[in-house]
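Here is the structure we will look at.
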Amino acid sequence: MKLSAKSFSRFVFTLCLAALVGLPALRAQTGQAGSAPPVDPVTGVPSLLLGTAWYPEQWPESRWDADLELMQKAGVRMVRVGEFAWSRMEPQDGQYDLDWLSRAIAAAGRHGIYTVIGTPSAAPPAWLTQKYPETLRTKEDGRKDEHGNRQQFNWANPKYRELARSMAEQLAQRFGHNPYVLGWQIDNEYSANSYDDATKKQFQDWVRKRYGTLDNLNERWTTAYWSETYSNWNQIPIETKYGNPGLLLSWKRFVSDTWRSYQKNQLDVIRANADPRQFITTNMMGWFDGYDHYTVSQDLDMASWDDYVGEGQLDPYRNGAAHDLTRGFLRRNFWVMETQPGSVNWAKINNSLNKGEVRAMAWHDVGHGADAVSYWQWRSDLNGQEEYHGTMVGADGTPVPLYAEVAELGAEFAKAGPVLAGTSVKSDVAILHSYDSRWAINWQRHNSEYDPVTELVSYYKPLRNIAQSIDIVNPSAPLNQYKLVVAPGLNVISDAEAKNLIDYVNQGGNLVLGQRSGMKNIDNGLQTERQPGPLVDLLGGRVEQYYALTSPVPVSGAWGAGTSQLWAELLSTKDADTKVLMRYGKSNGWLDGQPAAITRKVGKGSITYIGAWLDEASMEKAARWMTEASDVKPKFGAVPAGVDVYPREGAHGKVYILVNFSKSAQNVTLPSAMEDVLKGGSTKSVSLPVYGVAVLSTTR
Ligand code: GAL
């Protein structure tokens, strides 16, 4: 082994770590015997982790080793533990018992398995909710939640926060320097809010802080409408569906800020007691919009999410976009903290993913920037609400058929990890996503079929097929690195966001606004200019009127002939240099012959507005036009339809992951010879069976 000065110091570091940890880290790095796979030279921790949720508290300790042995054989290098074990960690008020957890972490370590600790606040114990009933949440219908399920706590309640913080503090004091512990997951899938009077009072205080005076609030929410005028802050209600749009949006923002402070309450105490190398995350939920994930992410070290297909098979576009969304929260790699080993138990039909699909999905995750894929869960609980859920090991403690597929993955992750170390996803195209806009559209869809996520994916799919890599970021993110920025449904737009977009175009960027953009202001009120509001002047055109459609309307022009579905905005141009790209055909009279998409060049940049919800074929042509106009090229090159390509880049070169999601075997000719990381050797082409995977590297 030849060591440069830099890698020598890493090697010394690993030596120290191995001495500390006693893990097979060093053994693996020096290539000596042992079943543990190679490790990342920087820290000893594999750069690509296969993991599983493990609940040692549910099993006799005498069984742990057998489970860990099976995990080790499958190449599992990480377990997430503890996130529902409060009653075991603190059996009585103030009496903590963490010895069992310490033994579980050590046992996992002996099998080459690192640990992520979940703080257990998503499932408070019965003694707690009995002794402090004020910590129970009040549901929207006014009923108090109770013990026996989970998430029964009130996230805004100070007593609950105090108790959860003490629990997190105990954990952090005990394990904050434990070398086996990689990091922390706070709570589990934030989602349940409380509608009690004390929370309402907090909301009223929040509104007061934001708006300052009632006059300001009344004006910005246009409360003269329906006599909604407030003369006292304590009159402000909680509304979640049919309230004043300003009130609805304020509640969501309050909910988001309250989850952030709920999280920070535990995060601060962990940070104060833990090594900086231990990350802090929480497991989010893809397209779930219960809170603004940009708000909540900002205090975390890493984003992670729970990626479940539920019923049916993996849709690589919708799911891939959810990965890109999660990657966009902190604009760096993320973890899949939970994913389904075959099937779930909560869908309408809990079908299993097909043979090979679980492995294909894991590589799809990694391709989108995941550095860990962790299955929920290891072994069937003997009782409890999730007896039927997919696992790797059955209630009897022996592997289920899927185990072998996951073990294959474990071996592959070990091979590919070092090649993927330090790589991330770099895109020339960004899609803008905003919770404010999604909420605003969902509260007033105007056409019940109008789903803002489906709208976003309708742009994402053809753009991804061409560019082979997309970032999804919020409208205030830095945009200069992108050749093309597409904002489908940027319904609510703040002045700062508008400025960000205007600057981007003026500096040579190409901006495409999708239907319903620029309609609302920061209070979810109507902009006083027609759409796209603050971008009208830049566009040199505007939306004259919007129409919800009962049936598709013909459109034709630069992108051929097709239809607009669900929605059509009648556009106009006011500047001579704003060009019409598409026009509506004969339909409701109003739209006949009118512009459906317009564009204007601005220096080296451009701004385009698409008012139609284009059918798939037209959207493909529109995407082709957008990428050509902005000089976006495929990151890899041509691949057969149904083969997904995922580029990741690092200082040492590029890695391409290819997954065949089509219904037949496919051959792919590579743009140049590359290393076949999984099979070994250099190659100029790969053949991929259905669900086949190739990992190709230019890094060495
Ligand atoms: C997740 C949750 C897990 C488990 C899983 C089952 O939402 O975080 O605890 O319930 O669903 O699919």
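Return the carbon/sulfur percentage of the accessible area of the stretch 115-193, one whole number, probe 1.4 Å, all protein chains in place.
42 percent
Using a 1.4 Å probe over the heavy atoms of the protein chains, calculate the carbon and sulfur portion of the accessible area of the stretch 416-480 as a whole percent.
45 percent
At a Cα cut-off below 13 Å, give the aspartates and glutamates reachable from LYS654, other chains included and same-chain residues fewer than 8 away excluded.
Hits, sequence-local ones excluded: GLU675, ASP676.
In whole percent, what relative contact order does the chain give with Cα contacts below 8 Å and a gap of six or more residues?
10 percent
Assign unit charges at the C-beta atoms only (+1 for Lys and Arg, -1 for Asp and Glu), then state the dipole size of the stretch 543-700 relative to its Cα centre in Debye, rounded to the nearest 20.
About 420 debye.
Rolling a 1.4 Å sphere over the protein heavy atoms, what is the accessible area per residue of the chain, to the nearest Å²?
39 Å²
Taking R0 as 22 Å, what's the FRET efficiency between LEU382 and GLU146 from their Cβ-Cβ distance, rounded to 0.05?
0.40
Any idea what the relative contact order of the stretch 332-409 is, in percent, if you count C-alpha pairs under 8 Å spaced at least 6 apart?
Computed over the stretch 332-409, the figure is 34 percent.
Based on the Cβ-Cβ distance of ASP503 and ASN442, what FRET efficiency does E = 1/(1 + (r/R0)^6) give at R0 = 30 Å, to the nearest 0.05?
Once the sixth-power term is evaluated, E becomes 0.55.
I'd like the antiparallel share, as a percent to the nearest 5, of DSSP beta bridges with both residues in the chain.
Close to 55 percent.
What residue among THR119, SER697, ALA641 has its Cα farthest toward the positive end of the dipole of the chain, where the charges are +1 on Lys, Arg and -1 on Asp, Glu, each on the Cβ?
The listed residue farthest towards the positive side: SER697.
Search the structure for amide H atoms under 5 Å from the amide H of VAL602, placed 1.01 Å from N in the peptide plane, and list their residues when 5 or more places away or on another chain.
The answer is ILE607.
When only Cα pairs under 8 Å and 6 or more residues apart are kept, what is the percent relative contact order across the stretch 401-528?
27 percent
Once fully extended, how much extra length lies between ASP205 and THR222, figured as 0.36 nm per residue of separation less the alpha-carbon to alpha-carbon distance?
4.1 nm
Starting from the Cα of PHE288, step 7 Å toward the Cβ, then list every residue of the stretch 118-138 with an amide N under 14 Å from that point.
121-123
Could you tell me the number of lysine pairs in the stretch 419-577 with C-alpha atoms less than 24 Å from each other, where the two lysines are 8 or more residues apart or belong to different chains?
Taking the stretch 419-577 as the scope, the lysine pair count is 7.
Using θ = phi - 60° and the Karplus form 6.51 cos²θ - 1.76 cosθ + 1.60, what ³J(HN,Hα) does each residue of the stretch 338-353 get, whole Hz, x for Gly and Pro?
9, 7, 8, x, x, 9, 10, 10, 10, 7, 5, 10, 8, 5, 7, 5
What length, rounded to one decimal in nm, is gained on full extension from SER572 through to ALA66, with 0.36 nm per residue of separation minus their alpha-carbon distance?
Length gained between SER572 and ALA66: 175.2 nm.
Let a ≥ b ≥ c be the square roots of the eigenvalues of the Cα gyration tensor of the chain; is it rounded (a/c under 1.5), or, if not, prolate (a/b larger than b/c) or oblate?
Oblate, because a/c is 1.5 or more while a/b does not exceed b/c.
According to the square roots a ≥ b ≥ c of the eigenvalues of the Cα gyration tensor, what is the shape class of the stretch 494-587, taking rounded for a/c under 1.5, prolate for a/b larger than b/c otherwise, and oblate for the remainder?
Note, shape of the stretch 494-587 comes out oblate.
Roughly how many nanometres apart are two label points built 7 Å out from the Cα toward the Cβ at ALA665 and GLU449?
The answer from the label model is 4.0 nm.
Just in the stretch 266-366: which GluC sites (Glu not before Pro) are loop by DSSP and have at most 10 other Cβ atoms within 10 Å?
Answer in residue order: no site qualifies.
Starting from the amide H of VAL486, placed 1.01 Å from N in the peptide plane, find each other amide H under 5 Å away whose residue is 5 or more places distant or on another chain.
Amide H neighbours of VAL486: ALA430, ILE431, LEU432, VAL512.
Answer with one residue from GLY417, HIS323, THR258: the one whose Cα lies farthest towards the positive end of the charge dipole of the chain, charges on Cβ with Lys, Arg +1 and Asp, Glu -1.
Working it through, the farthest residue towards the positive pole turns out to be GLY417.
Could you tell me what percent of the accessible area of the stretch 41-93 is made up of carbon and sulfur, with a 1.4 Å probe and every protein chain present?
In the stretch 41-93, the share of accessible area belonging to carbon and sulfur is 53 percent.
Along the charge dipole of the chain, which of ALA198, TRP559, ALA156 sits closest to the positive end, that is, farthest toward it, with unit charges on the beta carbon of Lys, Arg, Asp and Glu (+1, +1, -1, -1)?
Checked the options; the winner is TRP559.
Taking H as built 1.01 Å from N, whose amide H comes closer than 5 Å to the amide H of GLN185, not counting residues under 5 places away?
ILE117, GLY118, THR119, THR281
Once you have a ≥ b ≥ c as the square roots of the Cα gyration tensor eigenvalues for the stretch 336-456, tell me rounded if a/c is under 1.5, and otherwise prolate or oblate according to whether a/b is larger than b/c.
Since a/c reaches 1.5 but b/c is at least a/b, the shape of the stretch 336-456 is classed as oblate.
Give me the number: length gained by fully extending ASP93 to LYS586, i.e. 0.36 nm times residue separation minus the C-alpha to C-alpha distance, one decimal in nm.
Length difference between fully extended and current span is 170.3 nm.
So if I place +1 on the C-beta of Lys and Arg and -1 on the C-beta of Asp and Glu, and nothing else carries charge, what would the dipole magnitude of the stretch 549-632 be about its Cα centre? I want it in debye, nearest 20.
Charge dipole of the stretch 549-632: 240 debye, to the nearest 20.
The values are calculated or read from the model by the stated rules, or taken from the named source; none is laboratory data. Not measured: the values here are computed from a predicted model. In this analysis, Cβ positions are derived from the backbone assuming ideal geometry, glycine residues included, and neighbour counts consider all displayed protein chains. We work out accessible area using only protein heavy atoms, side chains counted, and drop any ligands, DNA or RNA first. Shrake-Rupley method; radii C 1.70, N 1.55, O 1.52, S 1.80 Å.
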